[in-house]
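Visitor: The following block contains the structure, expressed as C-alpha cells.
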C-alpha cells in the first residue's frame, strides 16, 4: 500500500480549534481504502515545521505528502499550486519568524510549483463528488496560486523542495451548516484517490 503523509496544524489566532486538525481526526476515523495514512499535527511554529517536514519525508518515503491548513473563505477548499521561499515576516504562535524571513532550505528559486495539476484536480474532485451550488451547502473546490506567507506556505515550500511531484497543500474552510467536517474530509479523501489514481 502506498504511504501518504497528511499534516494539519494546531490552534492559532482566530482558530481555537484548527479545521485542519479536525480533518486529521476525521481521516484517522475512516482513512482511505488501500492507502497507508501517516497523520500528524504540527504546532503553528516555524521551528517545529522546519524540523518535522524533512523528518516525515525521510522516515516514510511517501508516495504523497499533503499539508492541510485553514483559511477564512467560507465553503471553499483550495488546492495550492505553488509556494514561496521568502516573505515570512508574520510571527508564529511563539512570537518568532524564520531568520531572514526565508524558508530554511537553501534554494535559489523563490517560487516552487507542484507538478500536480491543481486545476485538473479540482475539476476531477468536483465531478467525482458531484459538487454543485447546493451540495454540502455549496461547497466548492478550486485552484489557488497563493498559499500565503505564513506557516502554510512555509511548510509547502519545504515539501516542494523535497519532491514537487509528490507534494500538495490544501486550504480548508471553517465548518458551518452543511459544509461539515465530514464533507470537507471527503474532498481531501477524494483528492488523494485522484492523485494516486485510486478509484
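Visitor: Relative contact order for segment 3-195 using alpha-carbon pairs under 8 Å, separation at least 6, rounded to a whole percent?
Guide: 30 percent
Visitor: Using alpha carbons only, how many angstrom separate the centre of segment 146-199 from the centre of segment 1-48?
Guide: Here the two parts' Cα centres lie 10 Å apart.
Visitor: Right, next: Which semi-axis lengths, in whole Å and largest first, follow from the square roots of five times the eigenvalues of the Cα gyration tensor of segment 10-53?
Guide: Output for segment 10-53: semi-axes of 22, 15, 5 Å.
Visitor: Please figure out what share of the DSSP beta bridges in segment 3-195 is antiparallel and state it in percent, rounded to the nearest 5.
Guide: 30 percent
Visitor: Between 127, 178, 38, which gets the highest mean-square fluctuation from a Gaussian network model of the chain, Cα cutoff 10 Å?
Guide: Judging by the Gaussian network model, the answer is 127.
Visitor: Compute a Gaussian network model of the chain, connecting alpha carbons closer than 10 Å, and tell me which residue from 40, 67, 171 fluctuates the most.
Guide: It is 40.
Visitor: Over all alpha-carbon pairs of segment 64-148, lay out the pair-distance distribution in 10 Å bins, whole %, shortest bin first.
Guide: Using 10 Å bins, I get a P(r) of 14, 38, 30, 15, 3 for segment 64-148.
Visitor: Provide Rg over Rh for segment 99-168; use the alpha carbon set for both Rg and the Kirkwood Rh (inverse mean inverse pair distance).
Guide: That ratio is 1.09, to two decimals.
Visitor: Relative to the first principal axis of the alpha-carbon coordinates of the chain, what is the inclination of helix 19-30, with its axis defined by its Cα atoms, in degrees from 0 to 90 and to the nearest 10?
Guide: 60 degrees
Visitor: Of the candidates 65, 172, 32, which one comes out as most mobile in a Gaussian network treatment of the chain with C-alpha springs shorter than 10 Å?
Guide: Between 65, 172, 32, it is 32 that shows the largest mean-square fluctuation.
Visitor: Roughly speaking, what is the stretch gain from residue 176 to residue 63, that is 0.36 nm per residue apart minus the C-alpha to C-alpha distance, in nm to one decimal?
Guide: Between residue 176 and residue 63, full extension yields an extra 37.5 nm.
Visitor: Regarding the chain, what whole-number volume in Å³ per residue does the convex hull of its Cα atoms give?
Guide: 104 Å³
Visitor: Nearest 10 degrees is fine. How inclined is helix 46-60 to the longest principal axis of the chain, computing both from alpha carbons?
Guide: 60 degrees
Visitor: Extension gain residue 128-residue 111, at 0.36 nm per residue separation less the Cα-Cα distance, in nm?
Guide: Computed gain between residue 128 and residue 111 is 3.0 nm.
Read the figures in this text as sums done on the coordinates, not as results from a lab. Bear in mind the structure is a predicted one, so any value in this text is a computation, not a measurement.
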